[in-house]
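The values are calculated or read from the model by the stated rules, or taken from the named source; none is laboratory data. Note that the coordinates shown come from a computational prediction; the quantities given were computed from them, not determined experimentally. Reconstructed Cβ throughout: ideal geometry from the backbone, glycine too, with neighbour counts over all protein chains shown. Protein only, heavy atoms only, side chains kept; ligands, DNA and RNA dropped before computing areas. Shrake-Rupley method; radii C 1.70, N 1.55, O 1.52, S 1.80 Å.
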Amino acid sequence: MHGTRILEEADRLMTVCNSCRYCEGLCAVFPAMEMRRAFSDGDLNYLANLCHACGACYVDCQFSPPHEFDVNVPQTLAIARAESYAAYAWPRAFAGLFARNGVVISLIAALSVAAFIFGFAAAHDRQVLFGIHTGAGAFYRLMPLNAMAALFAAAFVYAIVALVMGVRAFWRDIGEPVGMKTDAKSLWQAFRDAGELRYLDGGGVGCFNQGERPDDRRKLYHHLTFYGFMLCFAATSVATLYHYLLAREAPYPWWDLPVVLGTLGGIGLLIGPAGLLAAKWRRDPVLVDTQRYGMDAAFTMMLFLTSLTGMALLIWRATPAMGALLALHLGMVFALFITLPYGKFVHGIYRTVALVRYARERQMMSGPV
Ligand code: SF4
Ligand code: SF4
């Protein structure tokens, strides 16, 4: 007996697949499945998060609908994966709320914070809000640095704590003791596989997004999104070091490192999420969890909007629009932070953790992967 209906279905499919084994060369899910004869809830959540949703095993399967075996591994694992995000989330009640109303909650949070900053500045001094500010410290005329740092540090720390609690629960559930020292070789293998999106290639031919003609577009858009996010994170980190170590205040000139990193990352975060949303729109519904389209789309949309408002702020920062654009951008960043633990962001973390587990299993079973 399993905890949910979808885990019962995943167990049925993995039992069929374990007898068939036709797909064992497509990705990591099938070799991991073959190491087991029975599946606990944790095993099935592990396999669900190992799946990269390339769709190849549905296209290749001789038992997919209308066959009476009704084998649809990508969709079943997509639903199990989404339910696992909610099951491991901390606090759990927030995850259910977000799964049902992800887009609306993200937008309300972003616009509320933007409206608060905008209204606070307008009530304080309209000249500050609509004036032209240039040079070091220009942004802090709208919102004092200490208030900005306190607000975003609190949101960031909350997101980190919630994410750590979620990963801890996942790690424990898939059979790894908390605090266990993972060997460096497995970690390296897992990070390399995650960084390359090794298992999003349908066994070498590409991802089946719509129809039966595979391509690498989803992989490309994922890479642009991930590396764009990392570049923006690097830009923020460098700007923090500038501020506290070199006493250099934002905004910085176009050619300076935080702006160069942020611009490159911002471009990645415009093209990548837009491409992922378009791919999601065109994706064959038989492969996806259609019930949680909003939760999936919310995170991608927030990344896009955060980048869009950041780029707009960069372009118009020396105009009277700076105050409104900064308030809007800060609202987007705040909403992105507080919704991180409950949206699609966690899929990258859980998938990497599942890849660590997989690399360790392969090491233990048969030596290096
Ligand atoms: S998905 Fe279909 S073809 Fe692939 S292993 Fe399972 S039953 Fe066999
Ligand atoms: S959808 Fe792709 S990654 Fe997922 S189980 Fe099937 S072949 Fe593997």
For the chain, averaging the sequence separation of alpha carbon pairs under 8 Å that lie six or more residues apart and dividing by its residue count, the contact order in percent is 28
Trypsin sites (Lys or Arg not before Pro) restricted to DSSP loop in the stretch 1-63 with at most 15 other C-beta within 10 Å: Arg21, Arg36, Arg37
For Val205 and Met35, what is the calculated FRET efficiency with R₀ set at 22 Å and r taken between the beta-carbons, to the nearest 0.05? 0.30
Between the stretch 271-331 and the stretch 90-126, what is the separation of their alpha carbon centroids in Å? 15
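So, by mean Cβ neighbours within 10 angstrom, what's the order for 239-252, 215-228 with the highest one leading?
215-228, 239-252
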Karplus ³J(HN,Hα) for the stretch 112-129 (6.51 cos²θ - 1.76 cosθ + 1.60, θ = phi - 60°; Hz, whole; x = Gly/Pro) runs 5, 5, 4, 5, 5, 5, 4, x, 4, 5, 5, 5, 6, 6, 4, 4, 5, 5
Any idea what % of Cα-Cα pairs in the chain are farther than 41 Å? 19
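In square angstrom, what is the accessible area per residue of the chain with a 1.4 angstrom probe?
47
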Carbon and sulfur atoms account, in whole percent of the 1.4 Å probe accessible area of the chain, for 66
Give me the one-decimal nm value for the distance between modelled label points at His2 and Val164, 7 Å along each residue's Cα-to-Cβ direction. 3.2
For the Cα atoms of the chain, what angle does the longest principal axis make with the long axis of helix 184-196, in degrees from 0 to 90, nearest 10? 70
Per-residue HN-Hα couplings for the stretch 70-75 [Karplus 6.51, -1.76, 1.60; θ = phi - 60°; Hz; x = Gly/Pro]: 6, 8, 9, 5, x, 5
Pseudo-spin-label distance Lys280 to Val260, built 7 Å along Cα→Cβ, given in nm, is 3.4
Less than 11 Å from a label point 7 Å out along the Cα-to-Cβ axis of Trp316: which backbone N atoms in the stretch 114-137 qualify, by residue? none
For the stretch 260-369, state the semi-axes of the equivalent ellipsoid (square roots of 5 times the eigenvalues of the alpha-carbon gyration tensor), sorted largest first and rounded to whole angstrom. 34, 18, 13
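Counting Lys and Arg as +1 and Asp and Glu as -1, what is the net charge of the other residues whose Cβ lies under 12 Å from the Cβ of Arg12? All intermediate terms of the calculation are to be shown ahead of the outcome.
On the way: positive: Arg5; negative: Glu8, Glu9, Asp11, Asp70.
Result for the local shell: -3.
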Relative contact order, percent, the stretch 164-321 [alpha-carbon distance under 8 Å, six or more residues apart]: 20
Give me a comma-separated list of calculated 3J(HN,Hα) values for the stretch 37-47, in order, Karplus coefficients 6.51, -1.76, 1.60 applied at θ = phi - 60°, integers in Hz, x for any Gly or Pro. 9, 9, 10, 7, 4, x, 4, 5, 5, 5, 5
Take the Cα of Ala149, step 7 Å along the line toward its Cβ, and report every residue of the stretch 206-247 whose backbone nitrogen sits under 15 Å from that point. 237-247
Given H placed 1.01 Å from N in the peptide plane, which residues other than close sequence neighbours of Ser64 have an amide H under 5 Å from its amide H? Val71
